[in-house]
Amino acid sequence: MISEALVETLREHDSWWSRVRATPWRDLLRGRLTGSLDYRHAMTEFDLPLPLLETVDKVVKRSGLWPRERYDVASELCAHFTDGLQAGHTADELQKTFGLPKDSAKLIRRAKVRCRSRSWQLWRFIGRPITGVLFLVAVIWSILIIRFTMATPTVKFDMVADMDDESRAIPEEDRAWPYYRRGLVQIDTSDFTRIDEPNFNLQNVMVHGPEDPEWDEAREYLLSMEETIQIFVTGTRQEQLGFINRDPANDAWRKWNGPTGRWETYNEPGTPGNRILLAHTHDLRMVFRFLQGATHLAIEDGDSPRVLTLLMAMLNLSEHVYQSFDGYIADLRAFVDIRQISNIISKSVLEHPKLFTDPELQRLSQRLHDVLGGRPFEFRAEGERRLVDDFVQQIYTDDGEGNGRLTSKGLRLLQQTASSWSEKNKYPLLDDLPLTSDDEPVELTDDAWYQLLGSAAVAMIGDRQSVHEKMIELFEFRHEAFSDPLTPFNGSEFSSAVTQLLASPDRLRFLPAAVFYGGGLNGYDTLEQQLAMANLSHDAALIAIALVQHRRQTGEWPEELAALTPELLPEVPRDLYATDEAPLKYRVVDGQPLLYSVGPNQQDDGGTSPADDKSPTQAEDGDWVLLPPWEPAL
């Protein structure tokens, strides 16, 4: 038919997609592109001139109807024009009376849509807006994902590199670490344990000294390690620790720490401050135990010059521990060492009053007085503040004006920090995200899920400036809590602020602050007491030396501490736990001096020790007895 040829001319400019749309789903699923729903099939059944066919084609195209509806409309319009031709009208007359194709298409569409099913009408008024909203959400989410994946932290300083630069500036001949490192690798740590006694550790025997039933074994071992001990003593005579994290010379020491240890992986570039390894600080503790054991051995042998040498060495070592890291961890380790040195000094001068000469006592008193710059010992704030600044720069971008947004890498660091506290369900948002790493391969599905959820999570977390301000506020509260022995940690403003943050709706907004300060909160609860005990034990050791000097001069113990000032003691130390700033309590009991602090309960219990004497810093009753010095039960 002529109409078929004319219709084919209309198909000349059709796209491949038009043919797909005109093919039923069942044919597409069979791999057949039939185009059986093409409305032009209906037009071939009518013998119409080309202008009228073009009009029908334009109207059907512009109607925007479904394929089957288009087929019906094309058939109806062709029938309409055929009836007009048969009635004697020309094609031009029919086109003029029909009107513009676009207007006709609108009217036809309205009529057809009105006749569609109720389910479709419901979808039109409810489903389509929902789809639009979902589409908008998808667009916004896509933008968030792009911003999330492309954002990188703005890291302006490297804490480890800065520490290493300071150490490299120290002349090599003044560095103590090379000596400590050389001595440590000579130690076979398997010598400390027994296969049949899992709780036995020879290092603990070195700490306890001759009172330990296993002391003979420790004594023999210490004698066999004299060369190593001398290396340690030589190290303590150097002015600075001089530890360099990224130093090839540490390779033997790292392998001594473990078979997989390598110097290249020890605090490598980019290590966040809160994840810096302090194995060197920990290993200085072993050096301290060897010197402590050697001191017990020298006291037992009555070798006063060697005792004095070793006590000086331990005091110098505490300075090196203090230099190992600018933060609370190194501070606390140094304070604990000073407390133990002070106890050894107090015990040795009281139990062996003739061990030291007067010049030796004077020299020992002066060095003890000057250790760490002199008391009162305090936790350093500067290094901990720098840790806060580093944590923020590791997780946020920086717009140059002190603000920025959380990054994908930052969210991972929050996850890793929170997971290291082993406290489940404390941070539900982080628990729901797959735990991924920038350095380790992960399942593709996990990474996609992480990007999807993480991009939304980041949008709910506060910006850099607001989070940084909150962290500085909590930092100041914490530093105040650690410096105040009169206020129990659990009753401090810091503990209260963190507890409130974890329970408040702002926990999500200030999530970085909650993770940084909220994890392991219970682990802080005795730091202010550890600091107080170090200061009080230090005071007690100075008093013990002064008491022995006074007794040598007068033949008896003084009735009050005021008799020691100012010749033997600059002033009588005050009790840190006395609310009225009273001095430490002192009297002579059974011919021996008794010195004590009223302790955290701030009540004078007459010098009675806590019922549980495993650790005074963990007891709530009794006094802190300083002389004779407290020692842990074996």
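The values are calculated or read from the model by the stated rules, or taken from the named source; none is laboratory data. Because the structure is a prediction, the values reported are computed rather than measured. Please note: Cβ atoms are built from the backbone with ideal geometry, for glycine as well, and neighbour counts cover all protein chains shown. When the accessible area is computed, the model is the full protein with side chains, heavy atoms only, and any ligands, DNA or RNA have been set aside. Shrake-Rupley method; radii C 1.70, N 1.55, O 1.52, S 1.80 Å.
Some values worked out for this structure:
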| quantity | calculated |
| --- | --- |
| Estimated inter-spin distance, residue 398 and residue 463, nm [label 7 Å along Cα→Cβ] | 1.7 |
| FRET E, pair residue 169, residue 357, Förster distance 35 Å, beta-carbon r, rounded to 0.05 | 0.35 |
| Residue 115 - accessible surface, heavy atoms, 1.4 Å probe, Å² rounded to 10 | 110 |
| Cβ-defined net charge surrounding residue 169, 12 Å radius [Lys, Arg +1; Asp, Glu -1] | -4 |
| Virtual paramagnetic centre 7 Å along Cα→Cβ of residue 588, amide N under 12 Å, in region 528-547 | none |
| Distance between modelled label sites at residue 199 and residue 161, nm, 7 Å Cα→Cβ extension | 5.0 |
| Mean accessible surface per residue for the chain, computed with a 1.4 Å probe while every protein chain stays in place, in Å² | 50 |
| C-alpha long axis of helix 50-63 to longest principal axis of the chain, angle in ° | 30 |
| Full-extension gain in nm, residue 152 to residue 574, via 0.36 nm per residue minus C-alpha separation | 146.7 nm |
| Acute angle (nearest 10 degrees) that the helix 128-150 long axis makes with the longest principal axis of the chain, alpha-carbon atoms | 40 |
| Computed over the chain: relative contact order in percent, which uses C-alpha pairs under 8 Å that are six or more apart | 10 |
| Gap separating the Cα centres of region 306-359 and region 536-558, nearest whole Å | 17 |
| 0 to 90° range, to nearest 10: angle between helix 464-482 axis and the chain longest Cα axis | 20 |
| GluC sites (Glu not before Pro) lying in DSSP loop within region 519-599, provided at most 15 other Cβ fall within 10 Å | 556, 559, 560, 567, 571, 581 |
| Gain on full stretching of the segment that runs from residue 601 to residue 141 - 0.36 nm per residue minus C-alpha separation | 160.0 nm |
| Reach of residue 112 by Cα under 19 Å, taken over aspartates and glutamates that are not fewer than 8 positions away in the same chain | 38, 57, 69, 72, 76, 103 |
| Alpha-carbon centroids, region 459-484 and region 120-161: separation in whole Å | 29 |
| Among [x] 41.5, 147; [y] 45.9, 151; [z] 24.2, 76, the entry derived from the coordinates for Rg and Dmax of the Cα atoms in Å | [x] |
| Mean Cβ neighbour count within 10 Å, used as a protection proxy, ranking 154-163, 597-606, 81-90, 284-293 highest first | 284-293, 597-606, 154-163, 81-90 |
| Whichever aspartates and glutamates have a C-alpha closer than 16 Å to that of residue 470, once near sequence neighbours (fewer than 8 apart) are set aside | 384, 389, 390, 480, 493, 506 |
| Eligible aspartates and glutamates near residue 354 by straight Cα distance, threshold 17 Å, same-chain separation 8 or greater | 300, 301, 303, 556 |
